[in-house]
Amino acid sequence: NVRIGNNVKIYPHVFIGDDVVIGDNTILHPHVKLYAGTRVGNQCEIHAGAVIGSDGFGFAPQEDGSYKAIPQMGNVIIEDNVSIGANTVIDCATLAGDSTIVHRGVKLDNLIQVAHNVEIGSDTVIAAQSGISGSTKIGRNCVIAGQVGMAGHITIADRTSFGAQSGILKSVTKEGQQMIGYPAFDKKEYFRAYAVFKQLPDLNARLRELQTKL
């Protein structure tokens with residue numbers, strides 16, 4: 001039940017599971033894996049080693065302290081003009097009928113983890129080694145730098161940008177913010193705080209000196 005569009009390029013060692021749909025002019029580089037039910041739009045490019053539709057990280061704790069895997073029954077939808085970097089992984093949604101969604105024009109770098117039920121808004125770009133936890137919704141035209149980590153079940157407003165290695169623990173509701181740090185907060189406030197932080201050893205020494213004099 002696989003459907004492959006016109007002018008699709010499929011390189012060696014690509015795996016295409018049952019019921020997969022691939023749009024026109026899409027390129028699948030070597031060793032790409034598309035799990036069953038994955039839908040890929042037109043003019044997409046998926047680079048070597050990317051895995052689309054693998055199980056989400058879902059385990060139920062048991063009385064004896066062990067964990068039991070929760071069946072992951074949803075799929076992944078990738079809309080048109082999406083680029084996915086090498087060895088990036090996008091997990092399927094947990095429940096049947098639900099989808100992890102990467103909207104039109106999204107650009108994902110190499111080595112990114114996108115968890116189950118995540119939704120990434122159109123024309124958002126995400127740099128390498130970033131991780132997005134389950135059920136997080138990212139808005140349109142966001143810029144997410146390298147090694148950014150996002151908690152699950154949060155919402156990120158349109159046109160938000162995060163500096164490298166930022167940690168996002170709660171929703172961002174105001175559009176167009178520039179944020180950095182862990183936990184991430186306003187970029188200008190962060191650099192003002194950093195200017196004080198790097199002087200803390202000297203300030204501490206002066207404080208001790210004043211305490212001694214007193």
Residues of type lysines that LYS107 reaches as a straight line, Cα spacing below 25 Å, ignoring anything fewer than 8 places off in the same chain
LYS9, LYS33, LYS137, LYS170, LYS174, LYS187
Using a 10 angstrom Cβ neighbour count of at most 15 plus a DSSP loop assignment to flag exposed GluC sites (Glu not before Pro), which longest range of the chain is free of such sites?
64-174
Taking only protein heavy atoms into account and a 1.4 Å probe, give the accessible area per residue of the chain in Å².
55
Between the helical axis of 187-197 and the dominant principal axis of the chain, each derived from Cα atoms, what acute angle in degrees is found, rounded to the nearest 10?
40
If you line up the long axis of helix 200-213 against the longest principal axis of the chain, both from Cα atoms, how many degrees apart are they, to the nearest 10?
20
Dipole size in debye (nearest 20) for the range 97-152 around its Cα centre, Lys and Arg Cβ +1, Asp and Glu Cβ -1?
100
Note down the magnitude of the dipole of the chain about its Cα centre, charges +1 on Lys and Arg C-beta and -1 on Asp and Glu C-beta and zero elsewhere, to the nearest 20 debye.
900
So between ASP186 and GLN113, what do we pick up on full extension, going 0.36 nm a residue minus the alpha carbon distance?
23.8 nm
If you take every residue apart from ALA69 with its C-beta less than 14 Å away from the C-beta of ALA69, what net charge results, scoring Lys and Arg +1 and Asp and Glu -1?
-1
The range 100-165, accessible surface, carbon-and-sulfur percent (1.4 angstrom probe)
50
For LYS9, LYS213, write out the residues from largest to smallest accessible area, computed with a 1.4 angstrom probe and no ligands counted.
LYS213, LYS9
Only Lys, Arg (+1) and Asp, Glu (-1) charged, at Cβ; the range 57-120 dipole about Cα centre in debye
140
Computing the accessible area with a 1.4 Å probe over protein heavy atoms, can you report the carbon and sulfur percentage for the range 1-83?
51
Calc'd 3J(HN,Hα), the range 117-132, phi into Karplus 6.51 cos²θ - 1.76 cosθ + 1.60 (θ = phi - 60°), Hz, glycine/Pro = x, comes to 6, 6, 10, 10, x, 4, 6, 7, 10, 9, 8, 4, 6, 7, x, 10
Any chance you could run the full-extension gain for LEU203 through SER54? It's 0.36 nm times the residue separation minus the Cα-Cα distance, nm to one decimal.
48.5 nm
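Any chance you could run the full-extension gain for LEU214 through THR155? It's 0.36 nm times the residue separation minus the Cα-Cα distance, nm to one decimal.
Here the segment from LEU214 to THR155 would lengthen by 16.1 nm.
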Name the residue farthest towards the positive end of the dipole of the chain from the options TYR35, ALA127, MET73, assuming +1 on Cβ of Lys and Arg, -1 on Cβ of Asp and Glu, about the Cα centre.
ALA127
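The values are calculated or read from the model by the stated rules, or taken from the named source; none is laboratory data. Quick caveat, the model's predicted, so the values are computed rather than measured. Every residue, glycine as well, gets a Cβ built from its backbone with ideal geometry; the counts of neighbours run over all protein chains shown. Heads up: the accessible areas ignore ligands, DNA and RNA and are worked out on the full protein's heavy atoms, side chains in. Shrake-Rupley method; radii C 1.70, N 1.55, O 1.52, S 1.80 Å.
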